[in-house]
Amino acid sequence: MELILECLFNGVAIGSVLLVAALGLAIVFGLMGVINLAHGELMMLGAYSTYVTQLIFKLPALKPFYNAYVIVALVVAFIVSAVVGILLERSVIRRLYGSPLETLLATWGVSLILQQFVRSVPLAYGAGLVLSLLVGFISPFLLPQKLLEGSRGRLVRAASWAFSALVGVLGAGGLGSLVSRLGRASARNVDVTAPSWMRGGIDLWGVTFPIPRLVIIVITFIAVLGITWFLNRSVWGMRIRAVTQNRSMSDCLGISTERVDVLTFGIGSGLAGVAGVAVSLLGSVGPNVGASYIVGCFMVVVLGGVGNLLGTVLASFSIGIMTDLIGAGRLLSIWPDMPTPLASAVDFFATTSMARVLVFALIVVFLQFRPAGLFPQKGRMVEA
Amino acid sequence: MKGTKQFRRWLTLLLWIVILAAIIAAPFVLPVFRLNLLGRYLSLAIVALGVDLIWGYTGLLSLGQGIFFALGGYCAAMYLQLNSASELPNGIPEFFGLYGVKNLPFFWEPFNSPLFTTIAIWLLPGVVAAMLGFLVFRNRIKGVYFSILTQAALLVFFNFFNGQQKLINGTNGLKTDVTQLFGQMVGSPSMQRCFFWLTALLVILAWLFSRWIVRDRFGHVLVGIRDDEPRLRFTGYNPTLFKTIIFAIAGGLAGISGALYTVQSGIVSPQFMTVPFSIEMVIWVAVGGRGTLLGAIIGAVFINYAKSLVSEALPASWMFIQGGLFILVVTALPEGVLGWLQSEGPRNLLSRLGIARPISTYPSLEIDGKKEINL
Amino acid sequence: MSLSRRLFLGLTSVVLGASVTACSGGDQATGCADCDAEVTVGILHSLSGTMAISESTLVDTEKMAIDEINAAGGIEVGGKSYEIKYIVEDGASDWPTFAEKSKKLIDQDKVPVVFGGWTSASRKAMLPVYESKDAFLYYPIQYEAQECSNNIFYTGATPNQQSEPATEFMFKRSPAAGKPFFLVGSDYVFPRTSNTITKEQVKALGGTVVGEDYLPLGNTEVAPIISKIKKALPSGGVIINTLNGDQNVAFFKQIQDAGITPSKGYFVMSYSIAEEEISTIGPEFLAGHYGAWNYMMSINTRASKKFARDFKNKYGNDRVVADPQESAYNMVYLWKAAVEKAGTFEDNAVREALVGIKFEAPQGPVEVMPNHHLSQTVRIGEITSNGQFKIVESTDGPVLPQAWNQFEPSSKGYACDWTDSRKGEKYRL
């Protein structure tokens, strides 16, 4: 019983990390047909945002609220990743709609640039740049519309960008001094320390439940619920679904498809940021943090089928449970007197490396029977 | 009319003579290190040809060519290791001693034979590619799904080779520099010179072979698959078969390329099966010009050369440049450099600069293809 | 439309600008004013890719040593003083690239020596290059040994200078003495070979190894390993950890949450966690666990303090020094001493002169042995909550290196000696 409970919990824990990471990817892929290989790097930005938020909360003025920084970090990470994602959509991906393979290559290029950017540019400068982008991006929405029109508009826009650049430089300077004052951190791998209430584990029925894992499960749960509500119950969600089903008809009916694209991509990227917060609680924050999750995410999307969140959820949990079942060699403890040849085979795969090999192989086999994943899209086959 | 035709024929002949002369002369002109680099990049051109066949002509974007590349390399390295192991105490390659392995694993045995190895180098990757391809294509999995699955397959192979110390020396990979072939050390300058010529020869053969494929009816079917697969199916063709065959051919080419690369770089390791390397192969073709065979060769050699030059001067900046190339080539130069030169590219550029006048033609109306008319 | 395009352009230019400023670090700082000539050496580490974070600290240290030597008058050879210049090449965390760049440094730049490498796989990839071209590589990292090349000089610890004393300490004198062992590592050469040795040693000591597992490089999902550990060691024990880089962070964060802590009787002995890694992972996750090294920043001698202070002065107060950096620092000085003793930069003469050279390193005295390894002092430290090691055990003096392991059956009874042409790489004792 304990064994099954532990296996189930571990599977759900691994699965929920996969799920929160794959959620944004699944939405963008399912709704827009865009494969975003830079998704992992958007996660990485989320993880770095968590780190920066944590640093800021170490300031004396904010110290009393330190324990709550994770919640703030979720919001910050969502916004940062969403803005970077939207920039990506506006600048590159928009030009490539309808040609998914090209998008895949372009986003890979973006991911290389983001990775090396984080490696080469000191954290404070990077954060300053992101800050100035944020301010520059949001400020036109805050200014009265009248100012932005006509010949003056250009000037105003330029001024707002200059202002945001200034904010970025100031932010970089401030953060730089903060880093040298508070942290041992340089732009190397940095460490996000969970607040004290999130450390340790809860012992129940002879099984230890690590609290960060529980927190991640909760975050994932809320993210899935939130996104389901948004897509099915809100006005913009309805528009997104409409555009997914029939782009030109939606366009005719007055839905701004361009806005829908931006929104969808922004939400998908923002969710990557949330995933970044989650993984920063488990491991290190570094340039490679995204790359180590991305292929797993794709497996989830492929296994789950396109455009169905339920499929994504089930796929992540089944991959999680399988990984734990095979990788920890649990089959042997569940069924101790299994025949020797089988037992040695199980033993052969009972390492983390080989478990990964087997899980991927199983997915490929599964696709032989259900080529379009667990929950294929109904209706006629759409030629992408 | 006849005159120009003859002139062109002479020109082609002249070009070939120049190329051949350059190949023969290269080892005597270039310093050892640069020659070695050039030889390796030429061998990469062969895998690029394969990528071009499946991606440029058939529209299948494989992110897993590293599997076949590495398999070819491993075949060659296993033979070389065995060939020079006979003098060693156990009669088996030295690294086995590190892990306490006494007997040669069974699948090493056939690699004692040079004939078997020469065949296995292209056949084994080809067969693996055919099996993988058949499983995927049979279910009409295509587009990005295919790409993702090949990437997953790549990871499966990577993890397997990486973890199997006792079978294949794990992360370390197999080394060939100090092994013997025909009584000579593989890493020696004279052998390297031979490998360079062999590589150059095989690049030309591979190019001729690929050209024969794409000019044949087979090649037209491939382009048909790329442009409109359902229509092809309704006309009575079975795309699965064609896709499987071309994927196997590309796998075989990758195997040859991997073997040549291995003997010239001195090592084959699971690093050949990392995700970035396989995606890089695509960018060589994309930059050179997909759908043009020469473009693939030029792209592979040129980009790798640039990479080695840039990383000598500014190590950290290569990633930025490479990333920028990916974005640039798909947004601004979708046909690649060669495709751009062949199309109206230069003229358009000149006319934009105000040097040449734009020629007015009908706007291209591609209603059938993926590109829809912009209204 | 135009806004987004401008944005795009702006972004690109910012990125490019940043990259240029970040990359223009090829500064050849303090020169040697009164030197008569120059000699160029090669430095080959990963400056990009996954290993860049670790290996760039070695480049920093090697540059510091070279600058120090230059400032003190360069290298004296044949009555002339040479200023040391360097070419830094990027191994890009990719083993074949290490081989390629080695060839470039040897054939094209004609450097007399290359300082380089971190991972065992990169060394194994470079080894045939140096052997076939008869060039010389100085390699600074503690490693699994079972190798002894005439063309490599190893300044890191061999297993009997790190893992063996550590295993013995854990089994005999640690708080978990006598308890079973579990081995965790990243999936590559060093952990696997090192653990093979540890298993033999534990067997010889009379202990038990109840399990081992390897995490694929780049994978940070450690949950299955943790459940294995809990199953295999229900009431505490010793965990030998050879995980690499950032996988350590995931591992230590998550074992603490799963209740695998020193207070519950679990003690982790790590072979790749030095001060740099402690500050990254966070001492709060590591306090109470152990590490074994030849050099620790907390060594309380003048040489050690000077080394740490100089490094901080040069690269910033938040930087730390650790064992790999100390090895890298030593090897530059050892090369200088060997060249000066030989009176030439010529390979064979320097190689012969190298053996027997002594140096007052930050860790204490070291000496080059005939097997091209260093005799070094071994220290075992408990990690404290301020991010340093509290040295709990230290050998009386330098320990002689063993290139061939004496626990592993295949190499037992063998040794390596390059000063005697009849002995060479591997001879029976």
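FYI, it's all coordinate maths here, none of it is from the lab. Model, not experiment: these values are computed from the prediction. Methodologically, a virtual Cβ is constructed for each residue, glycine included, from the backbone with ideal geometry; neighbour enumeration extends over all protein chains shown.
Using DSSP, restrict attention to beta bridges with both residues in the protein assembly as shown and report what percent are antiparallel, rounded to the nearest 5. Restricted to the protein assembly as shown, the bridges split so that about 45 percent are antiparallel.
Across the stretch A:203-310, Cα-Cα pairs farther apart than 23 Å form 43% of the total. Once divided by 2.2 N^0.38 Å, the Cα radius of gyration of chain A becomes 1.06.
Local charge for residue B:283 was computed over the other residues whose Cβ lies under 13 Å away, with Lys and Arg +1 and Asp and Glu -1, and equals -1. Over the C-alpha trace of the stretch B:167-278, radius of gyration and Dmax come out as 18.9, 58 angstrom. Shielding of peptide C:93-100 by partners, expressed as the average count of other chain Cβ atoms within 10 Å per residue Cβ, is 6.
When each of the peptides C:104-113, A:280-289, A:83-92, B:44-53 is scored by how many other beta carbons lie within 10 Å of its residues on average, the order from highest to lowest is B:44-53, A:280-289, A:83-92, C:104-113. Peptide C:254-262 shows a mean partner chain C-beta count of 5 within 10 Å per residue C-beta.
Average 1/r across all pairs of distinct alpha carbons in the protein assembly as shown, invert it, and you get the Kirkwood radius: 31.4 Å. The Rg/Rh ratio for the stretch C:259-298 is 0.97, where Rg is the radius of gyration of the alpha carbons and Rh is the Kirkwood radius.
Using just its DSSP H runs of length 4 or more, each adding -39500 (n - 2.57), the protein assembly as shown gives a mean residue ellipticity at 222 nm of -19500 deg cm²/dmol after division by all residues.
Angle check, please: helix A:2-32 long axis (alpha carbons) against the longest principal axis of chain A (alpha carbons), in degrees 0 to 90, nearest 10. Helix A:2-32 sits at roughly 40 degrees to that axis. Within the same chain, lysines fewer than 8 places from residue C:312 are excluded, and of the rest, those with a Cα less than 22 Å from its Cα are C:63, C:390. Under 5 Å between amide hydrogens, built in the peptide plane, is the criterion, and for residue C:86 it picks out C:41 among residues at least 5 positions away or on other chains. If you fit an axis through the alpha-carbon atoms of helix A:69-91 and take the longest principal axis of the Cα set of chain A, what angle between them do you get, 0 to 90°, nearest 10? Once rounded, one gets 70 degrees. Counted as membrane-span-like here are DSSP H helices of chain B whose alpha-carbon atoms extend 20 Å or more along the helix's own axis and whose Kyte-Doolittle mean is 0.0 or above; these are B:2-29, B:32-51, B:65-83, B:114-138, B:144-163, B:189-215, B:239-265, B:275-288, B:293-313, B:317-331. Restricting the trypsin sites (Lys or Arg not before Pro) of the stretch B:99-175 to loop positions (DSSP other than H, G, I, E, B) with no more than 12 neighbouring Cβ atoms within 10 Å leaves B:102. What's the lysine pair count for the stretch B:16-275 at a Cα cut-off below 21 Å, pairs eight or more apart or interchain? So the count of such lysine pairs works out to 4. Neighbouring Cβ atoms from other chains, within 10 Å of the Cβ of residues in C:316-325, number 1 on average. Taking 1.002 mPa s as the viscosity and 20 °C as the temperature, the Stokes-Einstein diffusion coefficient of chain C based on its alpha-carbon Kirkwood radius rounds to 95 µm²/s. Against chain A, whose longest principal axis is taken from its Cα atoms, helix A:211-233 shows a tilt of about 60°.
Using the Cα coordinates of the stretch B:1-158, the gyration tensor eigenvalues translate into equivalent-ellipsoid semi-axes of 36, 28, 14 Å, sorted from longest to shortest. Electrostatic tally near residue B:48: other residues with Cβ closer than 11 Å to its Cβ, Lys and Arg +1, Asp and Glu -1, net -1.
The orientation-averaged projection of the convex hull spanning the C-alpha atoms of the stretch B:16-275 amounts to 14.7 square nanometres. For residue C:221, no residue has an amide H sitting under 5 Å from its own, ignoring neighbours fewer than 5 places away on the same chain, with H placed 1.01 Å from N.
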